[in-house]
Amino acid sequence: MSQWPSAKAKRVLATLLRIGWTVKRESGSHKTLQRSGSADFVFAFHDKEEIGPRMLARIAKHTGLKPEDL
C-alpha cells in the first residue's frame, strides 16, 4: 500500500510553494515552478483535480515533496 494519500491539486501546489518552490511562469493550468539548486518543474493540473498516490510519488521524485508535507 502506498504511503501517499490522494490530494487536490490546489493543496499540492500550496504545499510545494510552502517548501520553497516559486512560480516562474504560468500558461493556463500549466505552472513552471523553480527552486534554487533544482531543475524547473512543470505542474500541469487544474485546482480541483484529484491527484492520486502514484502521481504524487512521481511529483515527489522531482520536487522533494514528502507525505508528511501534505
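No value in this document is a laboratory result; all are computed from the given coordinates. Computed from a predicted structure; not experimentally measured. Glycine gets a Cβ as well: all are built from the backbone with ideal geometry, and neighbour counts include every protein chain shown.
Here are a few things to note about the model shown:
- Extension gain for Ala60-Ser29 works out to 9.2 nm (0.36 nm per residue, less the C-alpha to C-alpha distance).
- Residue pairs, from the table Lys10/Lys48; Lys10/Lys66; Lys31/Lys66, whose Cα atoms sit over 18 Å apart: Lys31/Lys66
- Estimated translational D of the chain in µm²/s (Stokes, Kirkwood radius over Cα pairs; 10 °C; 1.306 mPa s): 131
- Each residue, Leu17 and Asp69, gets one label point 7 Å from its Cα in the Cβ direction; the gap between the two is 1.5 nm.
- Computed from backbone phi with θ = phi - 60° and the Karplus coefficients 6.51, -1.76 and 1.60, the 3J(HN,Hα) list for the stretch 23-30 is 7, 7, 7, 9, 9, x, 8, 8 Hz; x is used for glycine and proline.
- Derived scalar couplings between HN and Hα for the stretch 5-22 equal x, 6, 8, 6, 4, 4, 5, 5, 4, 4, 5, 4, 5, 5, 8, x, 7, 10 Hz in order, rounded to whole Hz, by the Karplus curve 6.51 cos²θ - 1.76 cosθ + 1.60 (θ = phi - 60°), x for Gly and Pro.
- Under a 5 Å amide H cut-off, with hydrogens placed 1.01 Å from N, Lys24 pairs with Thr32, Leu33, Gln34 among residues at least 5 apart or on other chains.
- Neighbours of Ala39, meaning other residues whose beta-carbon lies under 13 angstrom from its beta-carbon, give a summed charge of +2 when Lys and Arg score +1 and Asp and Glu score -1.
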